[in-house]
Amino acid sequence: DAGVTQSPTHLIKTRGQQVTLRCSPKSGHDTVSWYQQALGQGPQFIFQYYEEEERQRGNFPDRFSGHQFPNYSSELNVNALLLGDSALYLCASSPSGLAGGSVETQYFGPGTRLLVL
Amino acid sequence: AQSVTQPDIHITVSEGASLELRCNYSYGATPYLFWYVQSPGQGLQLLLKYFSGDTLVQGIKGFEAEFKRSQSSFNLRKPSVHWSDAAEYFCAVASGGYNKLIFGAGTRLAVHP
């Protein structure tokens, strides 16, 4: 089992551009969450996808959007990039139907490090 | 609003010494609490979690944490630190119907030989 995989590992973009980050969940997991981790800070929840729908969203602008595919993989899209979007973007997957919610059994990927110049 | 505070940004200990990392939370109901570790260039690895029951929780790599409701704390401990424990440690509380985590800002641990 490969665990949660993310691509690319690193990315450099310029202000105003758009970026797409990808995540493949751990085998058997159908729920995908995205987090943004700025340098020197803890991760912040962006949104969660389940059954190809956005189930929950954190305090992020509409420039951040996502998608989940029938095979449960997910994409995070960020439009009109700002310097402040530079961060490590983490994907986490979990199985559904747990009494303790998605966080009870959640695995994180290694992240995609985005640098906006 | 729910929040997590890790008062110590950096901690340095000698190899073999004991360790305690502090975590305070703000949450209205029964909290689900977590400790994660992040090594450089890597994602987050779960050390342990508390949902209910025994307030002393055992985790991987010899770590344990104690939930103290009266102090709103969930401190992480290890009796003898190894050089490989040098990393960043994050405390988190579950929120949003237990579907998202709210993290603290982290504590960076350095281990001296």
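Observations
Residue-wise test of (1) on the phi < 0 side of the Ramachandran plot; (2) surrounded by 12 or more Cβ atoms within 10 Å (Cβ to Cβ); (3) more than 9 Å from every other protein chain (Cβ to nearest Cβ).
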site	(1), (2), (3)
B:L46	yes, yes, no
B:G59	yes, yes, yes
B:H82	yes, yes, yes
B:S95	yes, yes, no
B:Y98	no, yes, no
B:G106	no, yes, no
B:L109	yes, yes, yes
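- Listing of strands (runs of 3 or more DSSP E) fully contained in region A:1-106 that carry 3 or more residues being closer than 28 Å to B:R108 by Cβ and either of a type in the set (S, T, N, Q) or more than 15 Å from the chain's Cα centre (by Cα) (or both): A:5-7, A:31-37
- Count of region A:93-117 residues which are crowded, with 16+ Cβ neighbours inside 10 Å, among the hydrophobic types (A, V, I, L, M, F, W, C) and more than 8 Å from chain B (Cβ to nearest Cβ): 2
Each row is one residue, and each column tells you yes or no for (1) within 10 Å of another protein chain (Cβ to nearest Cβ); (2) surrounded by fewer than 17 Cβ atoms within 10 Å (Cβ to Cβ); (3) within 26 Å of A:R113 (Cα to Cα).
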{"residue": "B:F34", "(1), (2), (3)": "yes, no, yes"}
{"residue": "B:G41", "(1), (2), (3)": "yes, yes, yes"}
{"residue": "B:T55", "(1), (2), (3)": "no, yes, no"}
{"residue": "B:I102", "(1), (2), (3)": "yes, no, yes"}
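- Test: residue in region A:98-105 that is closer than 27 Å to B:E88 by Cβ and modelled with pLDDT of 95 or more: no
- Considering (1) in contact with a Leu (Cβ under 9 Å, 6 or more places away or on another chain); (2) surrounded by 14 or more Cβ atoms within 10 Å (Cβ to Cβ); (3) not hydroxyl-bearing (S, T, Y), the lone condition that A:F60 does not fulfil carries the number (1).
- Number of residues in region A:41-54 that are under 18 Å from A:V78 (Cα atoms) and at the interface with chain B (Cβ under 7 Å from one of its Cβ atoms) equals 3.
- All of (1) at pLDDT 95 or above; (2) surrounded by fewer than 14 Cβ atoms within 10 Å (Cβ to Cβ) hold for B:N75 with one exception: (2).
- Test: residue in region B:6-19 that is within 14 Å of chain A (Cβ to nearest Cβ), over 25 Å from A:G40 (Cβ atoms) and not aromatic (F, W, Y): no
- Checked across region A:62-80, the condition of being touching a helix residue (DSSP H, G or I) at 6+ places or on another chain (Cβ under 7 Å) and not charged (D, E, K, R) holds for at least one residue.
- All positions within region B:100-113 that are in a loop (DSSP other than H, G, I, E, B) and either in contact with an Asp or Glu (Cβ under 7 Å, 6 or more places away or on another chain) or among the basic types (K, R) (or both): B:G106, B:P113
The values are calculated or read from the model by the stated rules, or taken from the named source; none is laboratory data. Bear in mind the structure is a predicted one, so any value in this text is a computation, not a measurement. As a convention, Cβ positions derive from the backbone with ideal geometry for all residues, glycine included, and neighbour counts pool all protein chains shown.
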